[in-house]
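Contents: one structure, followed by commentary.
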């Protein structure tokens, strides 16, 4: 063992008792994760929350079986052995990393948890030295493999087609309100509002580096302003638009990106090369905005294109005229 470095056991070196202890702690963790998902989803997606409640109860049953085996073979004292103590053992993502993501992401994470558990029990059963331990671990591997069927059964019981469609629609709506709408507003503001100062500076100075600095300042400043404005304008409690922090990040980042898109070409020393590329980038940005409006906001594409491209074109022309005057 090297001082200062964490020491991990190798799975092949674990005794039967340690394998059972590891399985007990893993089942406890998984049940806790499922209950956390259920609590996170209960208000918005009650039917899916019941599915995760059922999955947690199933893990509790596995834990009780393992504890009974441990008491019968090794006694009442269960060694403290967790996933992080075993080299190469599968890890669980922190719940806070997953629970704030979408409904489908949480469902996918649960499916991956079951696959990991099945692989662990299969390997543990193959290396067990005691027949009773091998039999239980093999049964648990089969149970984890069958959790897809359990999930289907629980889904059929608690989550009918109508409920699932309703929850999927609610999840999509929440994604649009929390991320897409603020991000789209930021992208539009960053792409359009910075056109005039950037191109005015370009045609007034003819200096690509100075133009880039103006564009960088305008983009970052607009991003900070839009981010704080979005976060402070609505706490989401009544409107249901979600976390103000998330909306502020989406709006601020996309505002900055929108402005930098046509500022970055001015890192090219040749003025006309930089300007032509910047104008091309502008029209790509405007068409992207129109596509997002059509895809997520259900705005007819032709109308969105006319509004965004025409408006952006007018701001671009204004900036060029002012800079050339």
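Computed from the coordinates by the stated procedures, all read-outs in this text should not be read as laboratory data. None of these values were measured; they are calculated from a predicted model. Ideal geometry is used to build each Cβ from the backbone, glycine not excepted, and the neighbour counts take in all protein chains shown.
Distance in nm between label sites at residue 87 and residue 72, each 7 Å beyond Cα in the beta-carbon direction?
Here the modelled spin labels are 3.4 nm apart.
What three numbers, in Å, describe the spread of the alpha carbons of region 170-324 along their principal axes, ordered from the longest?
Result for region 170-324: principal-axis Cα extents of 50, 32, 22 Å.
What is the fewest-to-most order of 129, 303, 123, 92 by other Cβ atoms lying within 10 Å of their Cβ?
Ranking 129, 303, 123, 92 by Cβ neighbours within 10 Å, fewest first, gives 129, 303, 123, 92.
Within 10 Å of each residue's Cβ, count the other Cβ atoms and sort 249, 24 from fewest upward.
Ranking 249, 24 by Cβ neighbours within 10 Å, fewest first, gives 249, 24.
Using a Förster distance of 22 angstrom, determine the FRET efficiency expected from the C-beta separation of residue 43 and residue 112, and round it to 0.05.
Efficiency at R0 = 22 Å is approximately 0.35.
Of the listed peptides 310-318, 188-196, what is their order by residue-averaged count of other C-beta atoms within 10 Å, with the highest listed first?
Taking the mean over residues of other Cβ atoms within 10 Å, the ranking is 188-196, 310-318.
Work out, step by step, the length gained on full extension between residue 288 and residue 224: first 0.36 nm times the residue separation, then minus their alpha carbon distance; give nm to one decimal.
20.8 nm
For a footprinting-style exposure proxy, rank 179, 287, 272 by other Cβ within 10 Å, fewest first.
The fewest-first ordering by Cβ neighbours comes to 272, 287, 179.
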